[in-house]
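Visitor: A single structure is presented below for examination.
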Amino acid sequence: MPLPAPSLTVTASTRRVPPDSVLPAAGACARIAGRIVTIAAMPDTPQPRCVVVTADQRLRVVNRAAGAVVAVRFAAFPTQELKLGQAVLYTPPMGRFLAPGVHDVHISLYAGSAEVWLR
């Protein structure tokens, strides 16, 4: 069950969010083809833990964490609370609001975060 897209006005003059790091902490990063890249909040760790994205892709986060409500914080967007099965889609293409580099997707289940690497 998707939630309404979180609000973030992106204009030509919008400053892009600087990266949290230059290189990912995860040992390997997945590459996912298609317009939408999905990270699933699983009970033990996000899947994938790290993903390489392009400027024209969008990010979707879905809660698959067995009954837990999770809070998701990403870039300059407001925090989103997802019940089991719910998803949030960040609709602007990532290159419009993120600077190149690694950006953390904070998911309340984990001490660490999932990583989105805009290259």
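The values are calculated or read from the model by the stated rules, or taken from the named source; none is laboratory data. None of the values given here were measured: they were computed from a predicted structure. Note that we place each Cβ from the backbone using ideal geometry, even for glycine, and neighbour counts take in every protein chain shown.
Visitor: Can you pull out the residues in the stretch 33-60 that are β-branched (V, I, T) and out of contact with any strand residue (DSSP E or B) (no Cβ under 6 Å at 6 or more places or on another chain)?
Guide: If the condition is that a residue be β-branched (V, I, T) and out of contact with any strand residue (DSSP E or B) (no Cβ under 6 Å at 6 or more places or on another chain), then T45, T54 are the ones that fit.
Visitor: Which residue, of V102, V88, is in a strand (DSSP E or B), at pLDDT below 95 and either buried (at least 17 other Cβ atoms within 10 Å of the Cβ) or touching a helix residue (DSSP H, G or I) at 6+ places or on another chain (Cβ under 8 Å) (or both)?
Guide: Unique residue meeting the criteria: V88.
Yes or no, residue by residue, for (1) surrounded by 15 or more Cβ atoms within 10 Å (Cβ to Cβ); (2) more than 13 Å from the chain's Cα centre (by Cα):
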{"site": "P43", "(1), (2)": "no, yes"}
{"site": "P48", "(1), (2)": "yes, no"}
{"site": "V52", "(1), (2)": "yes, no"}
{"site": "Q57", "(1), (2)": "yes, no"}
{"site": "V61", "(1), (2)": "yes, no"}
{"site": "G67", "(1), (2)": "no, yes"}
{"site": "V70", "(1), (2)": "yes, yes"}
{"site": "A75", "(1), (2)": "yes, no"}
{"site": "P78", "(1), (2)": "no, no"}
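Visitor: Another question about this same structure. Among the candidates P100, P43, P93, which residue alone is farther than 22 Å from L23 by Cβ and either touching a Lys or Arg at 6+ places or on another chain (Cβ under 7 Å) or among the aliphatic types (A, V, I, L, M) (or both)?
Guide: P93
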